[in-house]
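**Q** Here it is, the structure in full.
The values are calculated or read from the model by the stated rules, or taken from the named source; none is laboratory data. Model, not experiment: these values are computed from the prediction. Virtual Cβ from ideal backbone geometry, glycine too; neighbours counted across all protein chains shown. Just the protein is used for accessible areas: all its heavy atoms, side chains included, with ligands, DNA and RNA removed. Shrake-Rupley method; radii C 1.70, N 1.55, O 1.52, S 1.80 Å.
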Amino acid sequence: MVSQDKLCELYADMLTARYYEERLQEEYLEGKQPAFDISAGPIPGELHLAAGQEAAAVGVCHHLRADDTVTAPHRPHHVAIAKGVDLKRMSAEIFGRKTGLGKGKGGHMHLFDPDVSFACSGIIAEGCPPAAGAALAATKRNEDAVAVAFLGEGAIDQGAFLESLNFASVHDLPVVFVVEDNDWAISMPKERVTDVEDGSDRAAGFDMPGIRVDQDDAIAVYEAAGEAIGRARDRNGPTLLEVQVHRRMGHFMGDPQTYRSDADEEAALARDSIDRLEAELRDHGVDDDELDAIRDEAESRVDEAIAWAKEQPHPDPDDAYDDVFVNPPSGVTTEEPEFELAEVNADE
Amino acid sequence: MSETDEVIDRELTMSRAMVESIAHEMREDEEVFYMGEDVADYGGIFDSTQGLLDEFGRDRIMDVPISETAYLGAAVGAAQEGMRPIAELMFADFFGVAMDQIYNQLAKNTYMSGGNVNVPLVLTAAVGGTYNDAAQHSQTLYGTFAHIPGLKLVVPSTAYDAKGLMHNAIRDDDPVMYLFHKRLMGIGWMPAPSGPKTPVPETDYTIPFGSADIKREGADVTVVTLGLHVHRALAAAESLAAEGIDVEVVDLRTLVPLDTDTILESVRKTGRLVVVDEDYRSFGVTGEVIARVADRDLGALDAVERVAVPDVPIPYARPMENEVIPDADDIEARVRAVASE
Ligand SMILES: Cc1ncc(C[n+]2csc(CCOP(=O)(O)OP(=O)(O)O)c2C)c(N)n1
């Protein structure tokens, strides 16, 4: 049984993630209406939101410590929030500010918070090998930290994922691969591009346990993840865990979704893992006041983080030249040397 | 500058022009097919296959798994069987996950077989920044692909060029990389500058590879560039004209083969060369163009400058991205510098 306190914590993080993205959406659309221009507004560039996927993130990350590594893909906010990434500095990064996690260099697909061992990458499945590497480091150092790689179901056809499964299995690494199955890879439905219906079946070929949580139920995810992460923590090897989630929105902001049927979208909207957990909490006797208090706290935390982010200074143009290396080799210049060709020619 | 004399009223966006030539080639030759992620129902994230599914069906406009090594490699294999696949890498930045198929198979099989095998594959990919998509989705990587022997490399800057170059690419018996700049495509959600939308003939026509195009004639300074920066260079040329500096803008159109003759001819006229590139500065297009000119006729060069991304990954935040990706002002400044030498 999952304790009521734990359920409230999961609920709080799910609300935080959902509300956070609703706020980001508003900010993102500023300056992009009526005509959508991806490069306009306070948050430019692509924005991939994860509404409908919160259960997977919180159910898994609530078993993790700050020293357990998590890698997330291009759709990272819910995972980052569940992992305890600094919400203010993450927001500042998304707004491209100097005090952001990456000083405004990374943006929303490239968030790094080493304090809680979190990183993400915009290249499909490429978070898998580094997660295995973090697990390898823990093993070599005899530490009991574990690692988790999050990926979408579209990523299970990618070499980096499949190779990582084998690498982790053959070295018995303490890593869990978590597939968030939202049925879609941009416009491509899962059945068009993958021959197995159940992505966790991939595990069998790598001699590791594969578990599928068939509904986006935070409690079911929490329980399944507990087993998988426990196995890793006890040095009993890797696990592949797939969770059915739902894509409530387009692939990215601005996605016209002309490829998606109304019925599919409505079905995704009809099932809300947050409502489901809320009903569960009510069954546990949590009353409206308590639920409201959790919601209020989540929302004010988000509002505060976003307000803080928007007050942060923009980077200077010249900041672009820093951080290519931590130890800039001598001889690397960012200035073009003055070179007088006319004189060279004249000397000849 | 259009190479046809007939008057054409019909203007197309660059993406429509590309699609038109692909559709033409697919009608003419059943062996042509298109593979990529989100190319069927979506019509290509950057509109590169808009409408093609309806006409040609799923057998010829194929959505593929996110398995770039497998499908780019499969395109290599099908091409070696004599088919004429077009395979799309959604962003050039993603080439890393399939680098071997590109660098070691596609580019080299012809040579290693002593010319007994050929690979008539067109590899299309979106390139470029200017919309704050950060380090993994904004690169142009022209130099990376031009560096490896065995790949022809096309970078259109207008709808007219895009169509003619695509016809040529599909008909070519060698591997061709066709890199289109997102900003030029005319996508609804990413406004293009006005330049790339041009008159385009309805009939098919080819633009030979290795034929750079003088997009603007000028007597004082030669600007050599490609892709999006053709338009930025033209904008710079307009404002410099007001200062009395007459700029010639040379659009390379293909990097492999590189039309050194046209560049040289222009430099011999102006004596002043500015090479502009959206790729990283070191070991790339700018250095190569300057080296070719210097090799062939060092004496023709009175002054030279280059404008490119200063060897940093593309940063996300607007002030930093604007700093590193050359704009018309950066080009103007370098042109002024050579003009005053
Ligand atoms: C190697 C690589 N190929 C293609 C892409 C473009 N791309 C970004 S997200 C995406 C779909 C991913 O689908 P999935 O893994 O199911 O995650 P979801 O977006 O549904 O969360 C694709 C193809 C990429 N980022 N990296």
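Each row is one residue, and each column tells you yes or no for (1) open to solvent by 40 Å² or more (accessible area, probe 1.4 Å); (2) in a helix (DSSP H, G or I); (3) touching a helix residue (DSSP H, G or I) at 6+ places or on another chain (Cβ under 6 Å); (4) within 28 Å of A:Leu281 (Cβ to Cβ).
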| position | (1), (2), (3), (4) |
| --- | --- |
| A:Glu197 | yes, no, no, no |
| A:Gly205 | yes, yes, no, no |
| A:Val221 | no, yes, yes, yes |
| A:Ala228 | no, yes, no, yes |
| A:His246 | no, no, yes, yes |
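**Q** Kindly indicate which of B:Asp47, B:Asp59 is within 14 Å of chain A (Cβ to nearest Cβ), open to solvent by 20 Å² or more (accessible area, probe 1.4 Å) and not in a loop (DSSP other than H, G, I, E, B).
**A** Going through B:Asp47, B:Asp59 in turn, the sole match is B:Asp59.
**Q** While we're on this one: Spot the failing condition for A:Ala149; the list is (1) more than 14 Å from chain B (Cβ to nearest Cβ); (2) in contact with a His (Cβ under 6 Å, 6 or more places away or on another chain); (3) of a type in the set (A, V, I, L, M), and only one is missed.
**A** Checking A:Ala149 against (1) more than 14 Å from chain B (Cβ to nearest Cβ); (2) in contact with a His (Cβ under 6 Å, 6 or more places away or on another chain); (3) of a type in the set (A, V, I, L, M), the one that fails is (2).
**Q** Hey, can you tell me all the residues within region B:129-149 that are touching a helix residue (DSSP H, G or I) at 6+ places or on another chain (Cβ under 6 Å) and over 26 Å from A:Lys105 (Cβ atoms)?
**A** B:Ile148
**Q** OK, next. Starting from residues that are under 20 Å from the mean Cα position of the chain (by Cα) and part of a helix (DSSP H, G or I), keep the ones in region B:309-333 and report whichever is farthest from the other protein chains (Cβ to nearest Cβ).
**A** Step by step, filter region B:309-333, then rank; the result is B:Ala328.
**Q** Tally up the residues in region A:273-283 that are open to solvent by less than 60 Å² (accessible area, probe 1.4 Å) and in contact with a helix residue (DSSP H, G or I) (Cβ under 7 Å, 6 or more places away or on another chain), please.
**A** Number satisfying all stated conditions: 5.
**Q** Count, please, the residues in region B:290-308 that happen to be more than 7 Å from chain A (Cβ to nearest Cβ), under 10 Å from B:Val274 (Cα atoms) and not basic (Lys, Arg).
**A** Total meeting the criteria: 3.
**Q** Do we have B:Val230 as in the same structural domain as B:Asp302 (by TED's automatic domain parsing), crowded, with 21+ Cβ neighbours inside 10 Å, under 15 Å from the mean Cα position of the chain (by Cα) and part of a helix (DSSP H, G or I) here?
**A** Yes: the conditions hold for B:Val230.
**Q** Have a look at B:Val97, B:Val127 and point out the one that is more than 24 Å from B:Phe209 (Cα to Cα) and open to solvent by less than 40 Å² (accessible area, probe 1.4 Å).
**A** Within the list B:Val97, B:Val127, the selection yields B:Val97.
**Q** Can you list residue pairs whose Cβ atoms sit under 7 Å apart, with the first residue in region A:21-47 being without any contact (Cβ under 8 Å) to a residue 12 or more places away in the chain and the second being aromatic (Phe, Trp, Tyr) and open to solvent by 10 Å² or more (accessible area, probe 1.4 Å)? Count only pairs 6 or more apart in sequence or on different chains.
**A** Short answer, once both residue conditions are applied: A:Asp37/B:Trp189.
**Q** Now, a different point. Can you say whether B:Asp54 is among the acidic types (Asp, Glu), without any contact (Cβ under 8 Å) to a residue 60 or more places away in the chain and part of a helix (DSSP H, G or I), as far as the supplied structure shows?
**A** Taking the combined requirement at face value, the residue satisfies it.
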